[in-house]
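A short worksheet on the structure shown next.
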Amino acid sequence: MSFVLNEEQQILRDSAKGFIAEKSPVTELRRLRDSKDDSGFDTNLWSQMAEMGFAGIVIPEEYGGVGFGYRGLGLVLEEAGRSLTASPLVSTSLLCTSALLIGGSEEQKKTLLPEIAAGTLVMAMAMDEGAHHAPAKIATTAAKDGDGFTINGTKSFVLDGHIAGKLIVAARTHSEPGDTTGITLFIVDADAAGISRNRHTMVDSRNAAEITFTDVKVGHDHVLGNVDGGFAILDEALDRARIGLSAEMLGSAQEAYERTMEYLKERKQFGVVIGSFQGLKHRAAKMFCELELCKSVVADALNAIDERRNDVPQSASLTKARVGATFNEVSSEAVQMHGGIGVTDEYEIGFFMKRARVADATFGNVAFHSQRYAELEGY
């Protein structure tokens with residue numbers, strides 16, 4: 001395993017950096033928020049990202065992707081994090097694509113993956129049902145109905161759920177909420193009869209939706225993987241998503257840190273730049289060390305996926321907890337070091353603190369993954 005990027009990875013990173021910096025600066029997120037854009041992201045930008053190959057980075061070439069692996073996708077996500085780019089990269093290209101690659105049939109892969117790679121299909125994962133991430137606490141039911149199933153229940157915080165063309169729905173076909181057995185994944189048309197979607201805009205101006213299923217009919221061919229065996233697919237896909245999201249969070253944290261260091265070199269008090277104050281130097285040094293640690297943790301976790309190592313679950317929880325804590329700390333320090341202007345909407349640094357809080361809660365927060373890591377390690 002190497003932490004050093006090879007030539008192709010460096011080219012990809014430079015390409016993503018230049019493209020995203022030009023096409024999707026933080027001002028674009030502000031525009032989407034203020035205009036109350038119906039999609040919540042720039043659909044034209046998403047098409048351009050797909051043309052660049054970003055939408056299909058982890059999708060094999062035989063399904064229309066570029067097959068560049070999760071380290072490659074992590075590099076793109078990191079650059080997207082720097083500018084707080086709103087796009088379906090996490091919901092579609094990371095989480096749902098992972099689920100399809102892990103558990104999809106050949107027919108499902110041939111049908112859906114090329115559309116994802118082309119940027120013409122947005123997918124969303126409908127799993128959580130409460131205020132906190134708890135993938136096993138699924139009460140939504142999928143009752144056997146002739147040759148198919150009837151789905152009833154409500155899902156919360158479905159990323160890009162209001163704009164998705166298809167949903168991957170986790171429903172219980174057996175057992176009780178909290179049990180990892182008896183969960184089945186279904187690929188469902190988002191406009192199917194009986195589905196109602198209510199869009200919510202989160203504090204970081206990203207999309208989430210509450211989706212209600214009322215007697216939604218699906219055939220057996222809509223099952224992703226095996227009946228009652230969906231949790232294994234969901235858990236593995238979530239671990240890949242947790243690592244990928246951590247790469248995005250790392251990019252955001254680095255950007256917040258770098259902006260703050262520039263401010264410390266410019267802002268003067270008592271006739272000197274505030275960056276010369278020893279107390280601020282110590283805090284800046286601590287942030288730098290934490291970010292360097294996070295870079296190594298994220299790179300190792302992304303490599304763990306591509307190398308198909310058996311410690312991916314541990315790496316996912318370690319990474320999400322470490323980066324989540326660091327992003328929260330760095331973004332808070334950034335706002336505080338900027339002083340009064342840091343809490344104004346006019347200044348962009350506050351956007352990073354808002355994103356830190358939402359990203360931390362997505363796919364499990366620091367507390368969730370600290371406990372999960374301890375359980376996986378047998379502590």
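The values are calculated or read from the model by the stated rules, or taken from the named source; none is laboratory data. What you are looking at is a predicted structure, and each value in this text was computed from that prediction instead of being measured. Here the Cβ positions follow ideal geometry from the backbone for every residue, glycine too, while neighbour counts run over all protein chains shown. With ligands, DNA and RNA removed, areas are computed over all heavy atoms of the protein, side chains included. Shrake-Rupley method; radii C 1.70, N 1.55, O 1.52, S 1.80 Å.
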* Any idea which residue in region 344-379 is surrounded by the most Cβ atoms within 10 Å (Cβ to Cβ), counting only those that are more than 18 Å from the chain's Cα centre (by Cα) and closer than 15 Å to Arg30 by Cβ? -> Ile349
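If we scan region 7-26, do we find a residue that is within 24 Å of Val203 (Cβ to Cβ) and among the aromatic types (Phe, Trp, Tyr)? Don't jump to the end; show me each part of the working.
Step one: of region 7-26, the residues within 24 Å of Val203 (Cβ to Cβ) are 20, 24-26.
Subsequent filtering for residues that are among the aromatic types (Phe, Trp, Tyr) retains none.
Looking for residues that are within 24 Å of Val203 (Cβ to Cβ) and among the aromatic types (Phe, Trp, Tyr), one finds none in region 7-26, hence no.
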* Structure fact -> Residues of region 159-201 being open to solvent by less than 40 Å² (accessible area, probe 1.4 Å) and either among the acidic types (Asp, Glu) or under 20 Å from Thr85 (Cβ atoms) (or both), in sequence order, are Leu159, Asp160, Gly161, His162, Ala164
* Structure fact -> Here the residues within region 230-266 that are free of Cβ contacts under 8 Å to residues at least 60 places away in the same chain and either outside any helix (DSSP H, G or I) or among the basic types (Lys, Arg) (or both) are Lys265
* Structure fact -> Here the residues within region 57-91 that are in a loop (DSSP other than H, G, I, E, B) and either more than 14 Å from the chain's Cα centre (by Cα) or of a type in the set (A, V, I, L, M) (or both) are Ile57, Val58, Ile59, Pro60, Gly64, Gly65, Val66, Gly67, Phe68, Ser83, Leu84, Ala86
* **Gly130, sole failed condition from (1) under 19 Å from the mean Cα position of the chain (by Cα); (2) surrounded by 18 or more Cβ atoms within 10 Å (Cβ to Cβ)** => (2)
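To keep it simple, each residue is scored yes or no on (1) out of contact with any Asp or Glu (no Cβ under 8 Å at 6 or more places or on another chain); (2) over 26 Å from Val90 (Cβ atoms).
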{"site": "Asp145", "(1), (2)": "yes, yes"}
{"site": "Lys155", "(1), (2)": "no, no"}
{"site": "Thr173", "(1), (2)": "no, yes"}
{"site": "Ala209", "(1), (2)": "no, no"}
* To do: Could you list, in sequence order, all residues of region 317-338 that are touching a residue at least 40 places away in the same chain (Cβ under 8 Å), out of contact with any Leu (no Cβ under 8 Å at 6 or more places or on another chain) and not charged (D, E, K, R)?
  => Leu318, Thr319, Ala321, Gly324, Ala325, Ser331, Ala334, His338
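Could you identify the single residue in Gly67, Gly53 that is closer than 23 Å to Glu307 by Cβ, of a type outside the set (Val, Ile, Thr), surrounded by fewer than 23 Cβ atoms within 10 Å (Cβ to Cβ) and touching a Pro at 6+ places or on another chain (Cβ under 6 Å)?
Of Gly67, Gly53, the one residue that is closer than 23 Å to Glu307 by Cβ, of a type outside the set (Val, Ile, Thr), surrounded by fewer than 23 Cβ atoms within 10 Å (Cβ to Cβ) and touching a Pro at 6+ places or on another chain (Cβ under 6 Å) is Gly67.
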* Might you let me know whether region 284-298 holds any residue that is at pLDDT 95 or above, under 27 Å from Met123 (Cβ atoms) and not basic (Lys, Arg)? => yes
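Looking only at region 331-343, filter to residues that are aliphatic (A, V, I, L, M) and farther than 18 Å from Leu84 by Cα; which one of those is surrounded by the most Cβ atoms within 10 Å (Cβ to Cβ)?
From region 331-343, those aliphatic (A, V, I, L, M) are 334-335, 337, 341, 343; that's our starting set.
Cutting the leftovers down to farther than 18 Å from Leu84 by Cα gives us 337, 341.
Details: Met337: 21, Ile341: 13.
Per the criteria, the residue is Met337.
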* To do: Could you check His200 against (1) at pLDDT below 95; (2) under 26 Å from Leu113 (Cα atoms); (3) not aromatic (Phe, Trp, Tyr) and say which number it fails?
  => (2)
* Asked: When you go through Leu100, Leu121, Leu94 one by one, which is the residue that is at negative phi, in contact (Cβ under 8 Å) with a residue 24 or more places away in the chain and either in a strand (DSSP E or B) or out of contact with any strand residue (DSSP E or B) (no Cβ under 8 Å at 6 or more places or on another chain) (or both)?
  -> Leu94
* Would you be able to tell me the number of residues in region 219-228 that are surrounded by 15 or more Cβ atoms within 10 Å (Cβ to Cβ) and part of a strand (DSSP E or B)? => 2
* Taking region 250-283 only, how many residues are modelled with pLDDT under 95, among the β-branched types (Val, Ile, Thr) and open to solvent by less than 30 Å² (accessible area, probe 1.4 Å)? -> 1
* To do: Could you grab me the full set of residues in region 28-74 that are in contact (Cβ under 8 Å) with a residue 12 or more places away in the chain and β-branched (Val, Ile, Thr)?
  => Ile57, Val58, Ile59, Val66
* What are the residues in region 141-158 that are surrounded by 22 or more Cβ atoms within 10 Å (Cβ to Cβ) and either small (Gly, Ala, Ser) or in a loop (DSSP other than H, G, I, E, B) (or both), if any? -> Ala142
* To do: State whether the residues of region 211-218 include one that is assigned to a helix (DSSP H, G or I) and modelled with pLDDT of 95 or more.
  => no
* To do: Just give me the residues in region 135-159 being farther than 17 Å from Thr212 by Cβ and in contact with a Gly (Cβ under 8 Å, 6 or more places away or on another chain), in sequence order.
  => Ala136, Lys137, Asp147, Gly148
* Within region 96-115, is there a residue that is open to solvent by less than 50 Å² (accessible area, probe 1.4 Å), closer than 19 Å to Phe157 by Cα, aliphatic (A, V, I, L, M) and modelled with pLDDT of 95 or more? -> yes
